[in-house]
Every structure is written in C-alpha cells, then in structure tokens.
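Readers should treat all values here as calculations from the given coordinates under stated rules, not as data from a laboratory. These numbers come from a predicted model, not from an experiment. With ideal geometry, Cβ positions are generated from the backbone for all residues, glycine too; neighbour counts draw on all protein chains shown.
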Amino acid sequence: MFRQTLAAIVVASISIATSHADGPAQPDAALDVYAKPGESISIGAGHHLNLRCSGKGSPTVILESGAMADSLAWFKVQPQVATFTRVCAYDRAGYGFSDGSASTRYVDGSVDDLHALIHSAKIAMPAVFVGHSLGTNIVRAYASKHAADVAAMVLLDPPEQDVARFSPAWAKAEDESRAASLPMIRACAQGARDGKLGSPPPELAQCLRGPNPAFSAALNAAQRASKLRPAFWHSVLAVQEGNGELYSQPVPPQENHGAIPLLILAPDGSHNDAPPDDRKALDAASAATHKAIAGTSTRGEIVPVAHSSHEVEMDQPDAVVDAIKKAIKLAATPGRTSS
C-alpha cells in the first residue's frame with residue numbers, strides 16, 4: 001500500500017479530478033452534479049447515506065470507492081456504465097453528503113452500511129460489485145457475508161497485503177508513517193468538533209488545502225463543507241487506525257467466493273513513484289496479493305491494465321467499463337470459466 005502524507009490522505013478526494021492531468025485544469029461543469037446530494041437513504045439508527053443511481057437495466061452495478069473518496073471518484077465510469085445498465089455509486093459514512101457512523105470497525109461497518117443501503121433503497125440483487133483500492137476489501141468482505149447478493153466482482157488494484165514478507169523495511173516505514181499521522185488527524189478531528197477548520201489556526205493549517213482548479217466554485221464549496229464535519233475526520237481516523245492490521249495480513253486462506261466471477265484489474269504503474277528497490281518489492285507483493293485473491297474464486301482472473309497508476313478509474317476508465325461488461329456476461333453464464 002502507498003505511503004501517504006497526511007495532506008495526501010486528507011485531500012485525496014479533492015484532488016481526484018486532476019490526477020495525471022496535462023496542463024492547467026479548467027472547471028468541468030459536468031461535475032457540478034456532485035455539488036449537490038443525490039438521494040438520501042435511511043439505513044437505520046437515524047443515519048442516512050447519499051446514493052447516486054443512473055441508467056436502466058439488469059444487473060445493477062454497485063460502485064465502491066477507495067479510501068477517503070466519495071461517489072465523485074466514479075465520474076468517468078458511471079456515465080458510461082449507465083448507457084447499458086443501472087449503476088449506483090454512494091458516499092460511505094462520513095464522506096460526501098452521507099452521515100457519519102459510530103462504527104470503528106471500518107471494513108465490517110462499511111459492509112453492514114452497504115447492505116442496509118441496498119435493501120432500504122430496494123436495489124435489485126444480485127448485482128455486480130466494483131471496488132477500488134480499500135473498496136476492494138469492502139467488496140470482498142461483502143461477498144463473504146452476503147454471497148447471494150453478488151453476481152460478480154470487479155476489483156481495481158487491490159492493495160498489496162503482507163508487504164513485510166517482501167520488504168520488511170518498507171512495512172516498518174509504512175507503520176511508522178501511519179502512526180505519525182494519527183496525532184494530526186486527531187487534532188483535525190478536534191478542530192472540526194470545535195468549529196475551527198473553516199478559518200484554521202496555524203497548527204491546523206495542514207488539515208485542508210485550497211480549491212481544486214478543475215472544480216467549479218460550487219463543487220469546491222461542497223467538497224470543503226464535507227471535510228469541515230467531524231464525521232469526515234472520524235472516518236479518516238477509522239481508516240488509518242484499521243489499515244495497519246488490514247494490510248499487514250495475507251489474504252485470508254479461508255476466503256472463498258465459490259464460482260462468483262471475479263476480475264482483478266492490475267495496472268502496470270501502481271508503484272512508479274516508489275524508489276526502484278522498493279518498487280520491485282511492492283510489485284511482487286501486489287502480484288502475490290492479486291494471485292491470492294483471484295484464487296478465492298474458481299472464476300477468478302487477473303486483467304493487466306497498461307498505462308495506469310493505482311487510480312485505474314481515473315487513468316483507464318474504458319478498461320473498467322470493459323471489465324464490467326465482461327463481468328455481466330460471465331454472471332449470465334454460471335459455472336463457466338473465464339476466457
């Protein structure tokens with residue numbers, strides 16, 4: 001998994017539209033749909049999640065974002081999928097326009113939230129579940145708990161697990177970096193509770209950064225408002241506290257998805273920003289993780305994606321759409337192996 005500074009963690013979803021952009025970004029008016037909530041769905045206990053569905057057809061495709069990202073992450077993918085079937089993205093608890101969550105068991109809590117959302121919104125099952133990064137862990141955990149809901153899975157670059165087996169030094173540095181980030185995240189959370197982040201004192205200046213030039217004023221305002229809430233920081237903290245345990249372990253040997261079609265998109269540039277020696281170890285850890293996950297299904301397949309960083313849905317959205325089409329086709333032919 002990538003080592004991230006606090007600033008990178010906090011603004012991950014803010015900077016999403018300008019990832020790998022060439023030249024100065026210009027506001028994209030088409031993104032303004034994300035400046036307003038979609039449909040607010042009650043999932044019980046007074047909590048609501050923001051849901052954005054479009055298109056018609058069956059099966060429905062459920063889009064699960066990566067860490068710190070909301071439904072905006074899918075702005076290049078969802079419109080294309082909506083041309084051939086129904087597709088739904090949502091904001092996990094604490095992000096975008098969704099309420100926060102009391103759960104600190106981040107993956108398990110997200111699975112429970114998603115299950116409640118699906119059934120409260122009356123989304124027809126089984127569906128094709130698509131996850132990116134941390135979202136792949138949530139999709140896999142969902143499939144383990146609610147297999148009947150899952151027609152197929154498409155996993156975008158599942159983060160490498162058990163990295164210490166390939167590079168103990170990297171794993172140690174990652175753990176130290178994660179631990180070092182927690183005090184600042186907690187300070188930002190307290191600042192949000194105290195209402196100080198809107199005009200932060202110097203010690204909280206790292207909590208947020210300025211507007212994204214690729215976003216309109218309305219979208220920048222909406223993104224900023226979501227990150228002024230304590231709920232956002234609660235979720236950020238839960239992710240950071242849980243990631244160490246989650247990714248230090250290998251893929252569970254007991255994980256088994258039967259014959260559910262499972263496509264893993266493996267980009268060729270996930271670790272291009274790492275030093276060469278580290279890159280070799282991280283690439284090996286990724287390959288081992290992807291192979292282990294593919295082996296959890298008799299219909300598991302690794303699909304190489306050229307010219308892409310970890311952000312596959314940004315760099316190669318057409319590859320994601322093609323994989324979704326293939327997953328739908330495979331789901332309609334039970335028991336057959338992928339070609």
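Side notes on the structure shown:
- Per residue Cα convex hull volume in Å³ - calculated over the chain: 129 Å³
- Sequentially through segment 200-207, phi angles give Karplus couplings (6.51, -1.76, 1.60; θ = phi - 60°) of x, x, x, 5, 10, 5, 6, 5 Hz, Gly and Pro residues having no value and appearing as x.
- Remark: segment 295-310, residue by residue, has Karplus-estimated 3J(HN,Hα) of x, 7, 10, 5, 10, x, 8, 9, 10, x, 10, 7, 6, 9, 7, 4 Hz, where x stands for each Gly or Pro and the curve is 6.51 cos²θ - 1.76 cosθ + 1.60 at θ = phi - 60°.
- Taking segment 33-107 and dividing mean pair separation by its residue count, relative contact order in percent (alpha carbons under 8 Å, at least six apart): 34 percent
- Amide H within-cut-off set for Ile264, under 5 Å, with H built and near neighbours excluded: Leu155, Glu301, Ile302, Val303
- Calculated diffusion of segment 233-339, Stokes-Einstein form, Kirkwood radius summed over Cα pairs, 25 °C and 0.890 mPa s, µm²/s: 157 µm²/s
- Ordering of 233-246, 40-53 by burial proxy (mean other Cβ atoms within 10 Å per residue, highest first): 233-246, 40-53
- Between segment 130-159 and segment 290-324, the alpha-carbon centres lie 12 Å apart.
- The residue among Thr296, Ala284, Ala327 whose Cα reaches farthest toward the positive pole of the charge dipole of segment 222-339, with charges on the beta-carbon of Lys, Arg, Asp and Glu, is Ala327.
- Relative contact order computed over the chain (Cα-Cα under 8 Å; 6+ residues apart), in percent: 22 percent
- You can think of it this way: the chain between Asn272 and Ser120 has 50.6 nm of extra reach, that is 0.36 nm per residue less the Cα-Cα gap.
- Karplus-derived HN-Hα couplings along segment 79-94 (A = 6.51, B = -1.76, C = 1.60, θ = phi - 60°), whole Hz, x at Gly and Pro: x, 5, 5, 5, 6, 10, 6, 6, 9, 10, 10, 8, 9, 5, 3, x
- Distant-in-sequence amide H partners of His48 (H built 1.01 Å from N, under 5 Å): Ile43, Asp99
- Rounded to 5, the percent of DSSP beta bridges in the chain classed as antiparallel: 30 percent
- Restraint check, Lys145/Lys172; Lys36/Lys325; Lys56/Lys329; Lys227/Lys325; Lys56/Lys122, Cα-Cα greater than 23 Å: Lys145/Lys172; Lys36/Lys325; Lys227/Lys325
- Amide H contacts of Ala151 (H built 1.01 Å from N, under 5 Å, at least 5 apart or other chain): Ala127, Val128, Phe129
- With the helix formula -39500 (n - 2.57) applied to DSSP H stretches of n ≥ 4, the chain reaches a computed 222 nm mean residue ellipticity of -12000 deg cm²/dmol.
- In this Cβ point-charge picture (+1 for Lys and Arg, -1 for Asp and Glu), segment 33-101 has a dipole of about 260 debye about its Cα centre.
- The chain, dipole about Cα centre (Lys/Arg Cβ +1, Asp/Glu Cβ -1), debye to the nearest 20: 700 debye
- Judged by the mean number of other Cβ atoms found within 10 Å, the most tightly packed of the peptides 145-153, 27-35, 81-89, 302-310 leads the ranking 81-89, 145-153, 302-310, 27-35.
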